[in-house]
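Below you'll find the structure, written out as structure tokens, and then a few comments.
Every read-out reported here was derived from the displayed coordinates using simple, explicitly stated rules and does not represent laboratory data. Remember, predicted model here, so these are calculated numbers, not experimental data. Reconstructed Cβ throughout: ideal geometry from the backbone, glycine too, with neighbour counts over all protein chains shown.
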Amino acid sequence: MSPLGRAYLDKLYDSLRTLPEEERIDAVREIESHIVDGIRNGQAEGAILAKLGDPKKLAKAYRSTYMMQKKPRTFKEILNMAGFYCTAGLLSVIVVPVLGSIAYGFGFSAILICLAGVLRSFGVTWINMDIGPGYTVPIEWSIPYAIVLSTIIGGIAYFSWKYLKRYLNFLSERYRNMLEARIG
């Protein structure tokens, strides 16, 4: 392999720094094998590297595949995944944070609304439930009102979370397809 091919693999390896070492090595070996096979089949190394494209984009496809195969278990892993997809493109910078904020914010609010309805029905006086100007929900209707309102808000949170996951899967599939098309 020429210095050009070696430099490509080094750049790919550096771009995969967020992956575990074993995953980085496997990805580089896979691409190296692809390059060597292409050269053995009579292709020019430059043409193979051109088909593979920018090693940073190729690394992004590998990171996407790795993230979607690994189920996030901690809040930090979820934030890392969201951060990765926010850098996937301009639309993702908007979609991921908005849907994530709605999902978590509305989900937390739904829980608080239920709690407020229960507390208000047991006599906590500082909790107000106003439907509009001049109309307050009677105390005996606090729990049913809280359940209806939290169901609506919880539904919004649920659908935001569902579509966020769908969007992330869509992006991962695009990266996976890009990776398969480049490796061939």
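Taking amide H as placed 1.01 Å from N in the peptide plane, I127 has no amide H partner under 5 Å among residues 5 or more places away or on another chain. Using R0 = 45 Å, the C-beta based FRET efficiency linking E30 and I111 works out to 0.50.
Here the gap between I139 and I39, fully extended at 0.36 nm per residue and compared with their Cα-Cα distance, gives a gain of 28.2 nm.
Full extension of the chain between T125 and K165 gives 10.4 nm of extra length, using 0.36 nm per residue less the Cα-Cα distance. The C-alpha atoms of the range 95-184 occupy a region whose extents along the principal axes are 67, 24, 17 Å, arranged from largest to smallest.
Listed values for the range 31-39 are Karplus-derived 3J(HN,Hα) couplings in whole Hz (6.51 cos²θ - 1.76 cosθ + 1.60, θ = phi - 60°), namely 5, 4, 4, 4, 5, 4, 4, x, 5, and x replaces Gly and Pro. In whole angstrom, note down how far apart the Cα centers of the range 14-63 and the range 107-142 are. Taking the Cα centre of the range 107-142 as reference, the centre of the range 14-63 is 58 Å away.
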